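Structure first, then comments.
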Amino acid sequence: MKRNVRIGLAILVAAGLISCVEKGGLKAGTATGKSMLQLLPANSHGVFIIDVHRALATDQVAQALKDEKVKQKYDEFVKASGLDPMKDVYLLAVGLAWPMMGQEQEGAILLNLRYNKEQLLGKVKEGVKNLLEETYSGVTIYKGSEPGKPGKKQMAGAFLDDSNIVFGNDKTVRAAIDLYQKKADSVLKNAEMGKVIKAVNTSAVFWGAFTVPPDVIKKAVEQNPMLKPLEGVTGLGMSFDYANQNVIAEIQSLGGTKDQNKQLADTLNGFKAMGAAYASKEPILMDLLNTLEITSAADHVKIYASIPSALLEKAQKMAQEKFGGMIPFGPPASEKKQEEKKAEPEIKK
């Protein structure tokens, strides 16, 4: 009887472990932003994740695709790549390392998606002539035959499996292959990055975490004493989410003493007050500013905002009227045509 109980417990534990692995796995459709960190190297000083699948399902995207030009560009991309981002692409993950003196910024870009390798590779070969192939640890790395521009490393890419593709330079692509094959440590083993990631809403549509080297802050303060309130900052976390018709934004600086954080929060609230003085002429801008809450604690400063979608749409419309083509998504094309027709008699006069 006891033996049966032990066997039963063992099965339950094994099942639990399997479900955890699946939940944090890398398969398109079940992978999470946090599980994608398994493919970003331990020396990453910054990561950001976009839940592309959720982002493209928002009302804003649906509204934008009503614009004929935007829809046309989207359809052209689908035809050229053989991918429909709204259906096939799930997550985008980026890992960045602070550049060493005189060196180029390095990073890896990972796409988690459902795709047909042969079809996608065929499209790539149509666009890139004389594509070079090289094998590393049993994985083919693809590179263009043209050398990189001066000061820029040649781009490379590899298909890790049927759900994940990596882009970067030869070094970062090889690092991602090592991580996929569990031959190297990921950013999850980076203690400093771990502190920042822990403070971030990793279930958001977009989130990022960055460590800030003390030398970077020190140099910035020396060049501009007005940045002194940033002296204690050692990390930065941010997230942007969409829920209940609201865009929820949160930015946190980590590190510093209680006094340093209070000073930083006071400085930011001062900038907010200055902005309010200008925004008083534009009610929409004033409404946007009023959504901002800036607070401090013993170990962080937080900027939080919950912005109604309707308010963002009004702000976008105002910006479109003031700056025209500078705003990528304006009113639907049908509205533009109606406005143009109304303007025609005046032009003829």
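The values are calculated or read from the model by the stated rules, or taken from the named source; none is laboratory data. No experiment lies behind these values; they were computed from the predicted model shown. So basically every Cβ, Gly included, is an ideal-geometry build from the backbone, and we count neighbours across all protein chains shown.
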Residues within the stretch 113-157 that are under 25 Å from the mean Cα position of the chain (by Cα), modelled with pLDDT of 90 or more and loosely packed, with under 14 Cβ neighbours inside 10 Å, tallied: 2
Verdict on residue 285 being assigned to a helix (DSSP H, G or I), out of contact with any Leu (no Cβ under 8 Å at 6 or more places or on another chain) and without any contact (Cβ under 8 Å) to a residue 24 or more places away in the chain: no
Tabulated pairs, the stretch 238-249, first farther than 22 Å from residue 300 by Cα, second at pLDDT below 90, C-beta under 7 angstrom, 6+ apart or interchain: 242/58; 245/309; 246/309; 247/309; 247/312
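Could you tell me whether residue 62 is within 30 Å of residue 244 (Cα to Cα), in the same structural domain as residue 159 (by TED's automatic domain parsing), exposed (fewer than 13 other Cβ atoms within 10 Å of the Cβ) and among the hydrophobic types (A, V, I, L, M, F, W, C)?
Yes; evaluated as a whole, the condition is true for this residue.
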Unmet requirement for residue 49, which otherwise passes all of (1) surrounded by 14 or more Cβ atoms within 10 Å (Cβ to Cβ); (2) without any contact (Cβ under 8 Å) to a residue 24 or more places away in the chain; (3) part of a strand (DSSP E or B): (2)
Any hit, the stretch 211-221, residues being hydrophobic (A, V, I, L, M, F, W, C) and closer than 29 Å to residue 25 by Cβ: no
Residues that are within 27 Å of residue 212 (Cα to Cα) and either of a type in the set (D, E, K, R) or in a loop (DSSP other than H, G, I, E, B) (or both), drawn from the stretch 263-282: 266, 272
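Please determine whether any residue of the stretch 158-165 is without any contact (Cβ under 8 Å) to a residue 24 or more places away in the chain, under 30 Å from residue 125 (Cα atoms) and either in the same structural domain as residue 113 (by TED's automatic domain parsing) or surrounded by fewer than 18 Cβ atoms within 10 Å (Cβ to Cβ) (or both).
Within the stretch 158-165, one or more residues are without any contact (Cβ under 8 Å) to a residue 24 or more places away in the chain, under 30 Å from residue 125 (Cα atoms) and either in the same structural domain as residue 113 (by TED's automatic domain parsing) or surrounded by fewer than 18 Cβ atoms within 10 Å (Cβ to Cβ) (or both).
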Those residues of the stretch 26-44 which are among the hydrophobic types (A, V, I, L, M, F, W, C) and more than 16 Å from the chain's Cα centre (by Cα), in sequence order: 26, 28, 42
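To keep it simple, each residue is scored yes or no on (1) over 15 Å from residue 96 (Cβ atoms); (2) part of a helix (DSSP H, G or I); (3) of a type outside the set (Gly, Ala, Ser).
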site	(1), (2), (3)
183	yes, no, yes
194	yes, yes, no
197	no, yes, yes
227	yes, yes, yes
234	yes, no, yes
Verdict on residue 254 being in the same structural domain as residue 301 (by TED's automatic domain parsing) and more than 21 Å from the chain's Cα centre (by Cα): no
Pick from the stretch 273-283, criterion surrounded by fewer than 16 Cβ atoms within 10 Å (Cβ to Cβ) and under 23 Å from residue 313 (Cα atoms), ranking: nearest to the chain's Cα centre (by Cα): 275
Extreme residue, nearest to residue 33 (Cα to Cα), among residues of the stretch 56-112 that are hydroxyl-bearing (Ser, Thr, Tyr) and at pLDDT below 90: 58
Hits in the stretch 65-92 (condition: touching a residue at least 40 places away in the same chain (Cβ under 8 Å) and part of a loop (DSSP other than H, G, I, E, B)): 66, 67, 82
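Table: residues versus (1) part of a helix (DSSP H, G or I); (2) free of Cβ contacts under 8 Å to residues at least 24 places away in the same chain.
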residue	(1), (2)
209	no, no
217	yes, yes
252	no, no
261	yes, no
All positions within the stretch 294-326 that are in a strand (DSSP E or B) and more than 18 Å from residue 260 (Cα to Cα): 304, 305, 306, 307, 308
